[in-house]
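S.K.: I have a structure here, written as structure tokens, and I will follow up with some questions on it.
The values are calculated or read from the model by the stated rules, or taken from the named source; none is laboratory data. Since we're looking at a predicted model, the values are computed, not measured. Every residue, glycine among them, receives a Cβ derived from its backbone with ideal geometry; neighbour counts consider all protein chains shown. Only protein heavy atoms, including side chains, enter the accessible area calculation; ligands, DNA and RNA are left aside. Shrake-Rupley method; radii C 1.70, N 1.55, O 1.52, S 1.80 Å.
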2 protein chains.
Amino acid sequence: MESKKEQASQWFSALQRDLINIFEEIEAEATHSQYDKEPGKFRLKPWLREGGGGGTMAILEGRVFEKAGVNVSTVFGEFSEEFRAQIPGAAQDPRFWASGISVVIHPRSPHVPIIHMNTRMIVTQKLWFGGGTDLTPCIAIEKDTEHFHEALNQTCDGFDLTYYEKFKKWADEYFYLPHRQEPRGVGGIFYDYLNSGDWENDFNFTQAIGRTFASLYPEIVRRHLNKSWTDSDRKTQLKKRGRYVEFNLLYDRGTMFGLKTGGNVEAILMSLPPVVEWPGA
Amino acid sequence: MESKKEQASQWFSALQRDLINIFEEIEAEATHSQYDKEPGKFRLKPWLREGGGGGTMAILEGRVFEKAGVNVSTVFGEFSEEFRAQIPGAAQDPRFWASGISVVIHPRSPHVPIIHMNTRMIVTQKLWFGGGTDLTPCIAIEKDTEHFHEALNQTCDGFDLTYYEKFKKWADEYFYLPHRQEPRGVGGIFYDYLNSGDWENDFNFTQAIGRTFASLYPEIVRRHLNKSWTDSDRKTQLKKRGRYVEFNLLYDRGTMFGLKTGGNVEAILMSLPPVVEWPGA
């Protein structure tokens, strides 16, 4: 068990380093004059959790990536009474261990979609993987959507031919704003409580999702990186970001769970966009 | 009963008209050069509720008041199963009638505090008034805070010497962000389920809160109306507005109740600021 925990947390940290390098590279290669400042660099911000463990936030406020958070954490301790009944394997024994990576990126250009990716391994009296990724274009482009789904489909198919359909459906249901009767973006995949009985295989799947993300999102970003945008495109983006905030604060389980269990507020709310508009109705 | 409903809903509409005039006057009298556009006017937007009733939103996107919503509504119908147990007097008979006014103002100048005021009358098998007002300065000024509390104290004391202390405490508890461990603003009053047995008196109290608000907030606004602000003041304001969003979407009962009972999304989310920033940690 200790070796599994070690392997998982090391993978999340390695992926964080890779993503930092990849995103900083893109920052540097942008040429469009609408990027009116120097290429940004990530700041690393380690934190300790009262009760056990901690993490490292990596925050970029750049020119291509107006706000990017690439956070890893490995935490352990005991669930409060309130949560024991809700968590598989925690009713009898409240101890838990959790390690994961969480990425949310709000690009400067309205042509570059917002992205979220998160994967994690949780250990209670049970053990499972969870995570997913979903794409939120402010100005939807058919080609990106197809590319995104196709790449995830291929990765899923390498492990289990039922995964993609199941996990895509889960994302469609999860990333939805009932009060607006609209989806958050164009979907992706969402999975949780994954334990096939073959830990190696489940861990490989979680790594594969991370690797797919690390090549897929940069391809989509580069496709639109040096396109001009108008003030009206920007307005569209700032308004769409408002929907993102509404989703995260009204419905996102991870956000509410984190805030209610005394998680790191800065890390949890890293997902909120740098600038948002709610124009009058 | 019908006469009481009529009187209450007429009062809320009359107060809406008064507030529209008062705020438009202030829009016109601002002289500072940082107000870089023409004085704004409210747009009226009536809406009908599926299930019974409706309302009128009044929206201003002006120069002093960057976004102001002054909404009235009178709605009736039946509570869904989910809510019957939670609402006084609705367990046996799900019919309800509700009328109220809701005001949220996000001023352009960081020196002018954000304000919220809301009063309502609800009828189920029981009848009660509720409401309150709370002040959220982005740059807190002792004099405003004292003035605000003092005026509410006086108004409350005209009705019941226990009201102010009780309703101030309720506001302090209610307008609080546990995850930030910080209050939303500097408080005010919050009351609910008010039925003293003397309807006239309770209605007079609700009117008195409205009238106090209609003179008090303009006095505070005018105190700071033509003061210059810096980019750093503006940043402080945009960040404080983020806390306002967090409160309204994570904790505000009215917002969640409205969204879950199929209320008018535009009217409910009118409280969200026009521009907000969540800078990287």
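S.K.: Tell me yes or no: at least one residue of segment A:77-90 is among the acidic types (Asp, Glu) and either surrounded by 15 or more Cβ atoms within 10 Å (Cβ to Cβ) or assigned to a loop (DSSP other than H, G, I, E, B) (or both).
M.R.: Quick first cut of segment A:77-90, residues among the acidic types (Asp, Glu) only: A:78, A:81-82.
After this cut, where a residue has to be either surrounded by 15 or more Cβ atoms within 10 Å (Cβ to Cβ) or assigned to a loop (DSSP other than H, G, I, E, B) (or both) as well, the list is none.
Checked segment A:77-90: no residue is among the acidic types (Asp, Glu) and either surrounded by 15 or more Cβ atoms within 10 Å (Cβ to Cβ) or assigned to a loop (DSSP other than H, G, I, E, B) (or both).
S.K.: Right, next: Look at B:Ile209 and say whether it is modelled with pLDDT of 95 or more, farther than 30 Å from A:Phe247 by Cβ and either touching a Phe, Trp or Tyr at 6+ places or on another chain (Cβ under 8 Å) or not in a helix (DSSP H, G or I) (or both). Outline the logic, then answer.
M.R.: Numbers: modelled with pLDDT of 95 or more: yes; farther than 30 Å from A:Phe247 by Cβ: yes; either touching a Phe, Trp or Tyr at 6+ places or on another chain (Cβ under 8 Å) or not in a helix (DSSP H, G or I) (or both): no.
Judged against the criteria, B:Ile209 is not a match.
S.K.: Going by the structure shown, is A:Pro107 under 30 Å from A:Arg234 (Cβ atoms), touching a Phe, Trp or Tyr at 6+ places or on another chain (Cβ under 9 Å) and touching a residue at least 24 places away in the same chain (Cβ under 8 Å)? Give the steps one after another, and end with the answer.
M.R.: On the way: under 30 Å from A:Arg234 (Cβ atoms): yes; touching a Phe, Trp or Tyr at 6+ places or on another chain (Cβ under 9 Å): yes; touching a residue at least 24 places away in the same chain (Cβ under 8 Å): yes.
Yes.
Let's see how each residue does on (1) farther than 14 Å from A:Arg108 by Cα; (2) in contact (Cβ under 8 Å) with a residue 40 or more places away in the chain:
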{"site": "A:Ala214", "(1), (2)": "yes, yes"}
{"site": "A:Tyr217", "(1), (2)": "yes, yes"}
{"site": "A:Asn226", "(1), (2)": "no, yes"}
{"site": "A:Asp231", "(1), (2)": "no, no"}
{"site": "A:Gln237", "(1), (2)": "no, yes"}
{"site": "A:Lys240", "(1), (2)": "no, yes"}
{"site": "A:Arg243", "(1), (2)": "yes, yes"}
{"site": "A:Leu249", "(1), (2)": "yes, no"}
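S.K.: More than 14 Å from the chain's Cα centre (by Cα) and either at pLDDT 95 or above or away from chain A (no Cβ under 14 Å) (or both) - does that describe any residue in segment B:183-190?
M.R.: Step one: of segment B:183-190, the residues more than 14 Å from the chain's Cα centre (by Cα) are B:183, B:186.
When the remaining residues are screened for being either at pLDDT 95 or above or away from chain A (no Cβ under 14 Å) (or both), the result is B:183, B:186.
The answer is yes, given that some residue of segment B:183-190 is more than 14 Å from the chain's Cα centre (by Cα) and either at pLDDT 95 or above or away from chain A (no Cβ under 14 Å) (or both).
S.K.: Pairs needed: first member in segment B:262-281, more than 7 Å from every other protein chain (Cβ to nearest Cβ) and part of a loop (DSSP other than H, G, I, E, B); second member anywhere, modelled with pLDDT under 95 and open to solvent by 30 Å² or more (accessible area, probe 1.4 Å); C-beta distance under 6 Å; at least 6 residues apart or different chains.
M.R.: Close Cβ pairs satisfying both conditions: B:Asn264/B:Trp47.
S.K.: Among A:Gly158, A:Gly100, A:Gly131, which is the only one that is surrounded by fewer than 23 Cβ atoms within 10 Å (Cβ to Cβ) and within 18 Å of A:Phe205 (Cβ to Cβ)?
M.R.: Numbers: A:Gly100 fails: surrounded by fewer than 23 Cβ atoms within 10 Å (Cβ to Cβ); A:Gly131 fails: surrounded by fewer than 23 Cβ atoms within 10 Å (Cβ to Cβ).
So the residue among A:Gly158, A:Gly100, A:Gly131 that is surrounded by fewer than 23 Cβ atoms within 10 Å (Cβ to Cβ) and within 18 Å of A:Phe205 (Cβ to Cβ) is A:Gly158.
S.K.: Within segment A:155-188, track down each residue that is of a type in the set (A, V, I, L, M) and under 22 Å from B:Gly262 (Cα atoms). Reasoning before the result, please.
M.R.: Let us first name the residues in segment A:155-188 that are of a type in the set (A, V, I, L, M), namely A:161, A:171, A:177, A:186.
Selection gives A:Leu177 alone.
S.K.: Additional query: I'm trying to understand the selection: among the residues of segment B:138-152, which are in contact with a strand residue (DSSP E or B) (Cβ under 9 Å, 6 or more places away or on another chain) and without any contact (Cβ under 8 Å) to a residue 60 or more places away in the chain? Please lay out each step first, then the result.
M.R.: Our first condition is that a residue be in contact with a strand residue (DSSP E or B) (Cβ under 9 Å, 6 or more places away or on another chain); within segment B:138-152, this holds for B:138, B:144-145, B:148-149, B:152.
Of everything in segment B:138-152, those that are in contact with a strand residue (DSSP E or B) (Cβ under 9 Å, 6 or more places away or on another chain) and without any contact (Cβ under 8 Å) to a residue 60 or more places away in the chain turn out to be B:Thr145, B:His149.
S.K.: While we're on this one: Can you pull out every residue in segment A:13-34 that is within 17 Å of the chain's Cα centre (by Cα), in contact (Cβ under 8 Å) with a residue 40 or more places away in the chain and under 29 Å from A:His111 (Cα atoms)?
M.R.: A:Leu15, A:Gln16, A:Asp18, A:Leu19, A:Ile20, A:Ile22, A:Phe23
S.K.: Taking interchain pairs and intrachain pairs at least six residues apart, which have beta carbon atoms under 7 angstrom, with the first residue in segment B:38-59 and over 21 Å from B:Lys5 (Cβ atoms) and part of a loop (DSSP other than H, G, I, E, B) and the second open to solvent by 20 Å² or more (accessible area, probe 1.4 Å) and among the aliphatic types (A, V, I, L, M)?
M.R.: These pairs meet every condition: B:Pro39/B:Ala28; B:Phe42/B:Ile20.
S.K.: Further question on the same structure: So which residues in segment B:239-255 are in a helix (DSSP H, G or I), more than 8 Å from chain A (Cβ to nearest Cβ) and either buried (at least 19 other Cβ atoms within 10 Å of the Cβ) or under 17 Å from the mean Cα position of the chain (by Cα) (or both), if there are any at all? Step through it out loud before you land on a result.
M.R.: Keep residues of segment B:239-255 that are in a helix (DSSP H, G or I), which gives B:239-250, B:253-255.
This time we only want the ones that are more than 8 Å from chain A (Cβ to nearest Cβ), so: B:239-241, B:243-244, B:247-248, B:253-255.
Within segment B:239-255, B:Lys240, B:Arg241, B:Arg243, B:Tyr244, B:Phe247, B:Asn248, B:Arg253, B:Gly254, B:Thr255 qualify.
S.K.: Which residue out of A:Phe129, A:Phe159 is part of a loop (DSSP other than H, G, I, E, B) and at pLDDT 95 or above?
M.R.: Details: A:Phe129 fails: part of a loop (DSSP other than H, G, I, E, B).
Sole residue among the options that is part of a loop (DSSP other than H, G, I, E, B) and at pLDDT 95 or above: A:Phe159.
S.K.: Any chance you could count how many residues in segment A:185-202 are in contact (Cβ under 8 Å) with a residue 40 or more places away in the chain and open to solvent by 10 Å² or more (accessible area, probe 1.4 Å)?
M.R.: Step one: filter segment A:185-202 for residues in contact (Cβ under 8 Å) with a residue 40 or more places away in the chain, giving A:185-195, A:199, A:201-202.
Among the residues that remain, those that are also open to solvent by 10 Å² or more (accessible area, probe 1.4 Å) are: A:185-186, A:190, A:192-195, A:199, A:201.
The total comes to 9.
S.K.: Restricting segment A:103-113 to residues that are in contact with a strand residue (DSSP E or B) (Cβ under 8 Å, 6 or more places away or on another chain) and either small (Gly, Ala, Ser) or assigned to a loop (DSSP other than H, G, I, E, B) (or both), which is most open to solvent (accessible area, probe 1.4 Å)? Steps first, please.
M.R.: Going through segment A:103-113, the residues in contact with a strand residue (DSSP E or B) (Cβ under 8 Å, 6 or more places away or on another chain) turn out to be A:103-108, A:113.
Now drop any that are not either small (Gly, Ala, Ser) or assigned to a loop (DSSP other than H, G, I, E, B) (or both), which leaves A:108, A:113.
Details: A:Arg108: 67, A:Pro113: 2 Å².
This residue is A:Arg108.
S.K.: Quick one: is A:Glu173 more than 14 Å from every other protein chain (Cβ to nearest Cβ) and surrounded by fewer than 16 Cβ atoms within 10 Å (Cβ to Cβ)?
M.R.: Details: more than 14 Å from every other protein chain (Cβ to nearest Cβ): yes; surrounded by fewer than 16 Cβ atoms within 10 Å (Cβ to Cβ): yes.
So A:Glu173 fits the description; yes.
S.K.: Condition check: crowded, with 19+ Cβ neighbours inside 10 Å and within 14 Å of another protein chain (Cβ to nearest Cβ). Does B:Trp229 satisfy that?
M.R.: Spelling it out, it is not the case that B:Trp229 is crowded, with 19+ Cβ neighbours inside 10 Å and within 14 Å of another protein chain (Cβ to nearest Cβ).
S.K.: Out of B:Arg211, B:Arg223, which single residue is open to solvent by 30 Å² or more (accessible area, probe 1.4 Å), away from chain A (no Cβ under 14 Å) and closer than 22 Å to B:Ser73 by Cβ? Can you show your working first?
M.R.: Values: B:Arg223 fails: closer than 22 Å to B:Ser73 by Cβ.
After applying the criteria, what remains is B:Arg211.
S.K.: Here is a follow-up. Working only within segment B:22-77, note down all residues that are closer than 19 Å to B:Leu272 by Cα and among the β-branched types (Val, Ile, Thr).
M.R.: B:Thr56, B:Ile59, B:Val64, B:Val70, B:Val72
S.K.: Ok, one more. If B:Ser9 satisfies all but one of (1) part of a loop (DSSP other than H, G, I, E, B); (2) crowded, with 18+ Cβ neighbours inside 10 Å; (3) small (Gly, Ala, Ser), what's the number of the condition it fails?
M.R.: If we test B:Ser9 against (1) part of a loop (DSSP other than H, G, I, E, B); (2) crowded, with 18+ Cβ neighbours inside 10 Å; (3) small (Gly, Ala, Ser), just (1) comes out false.
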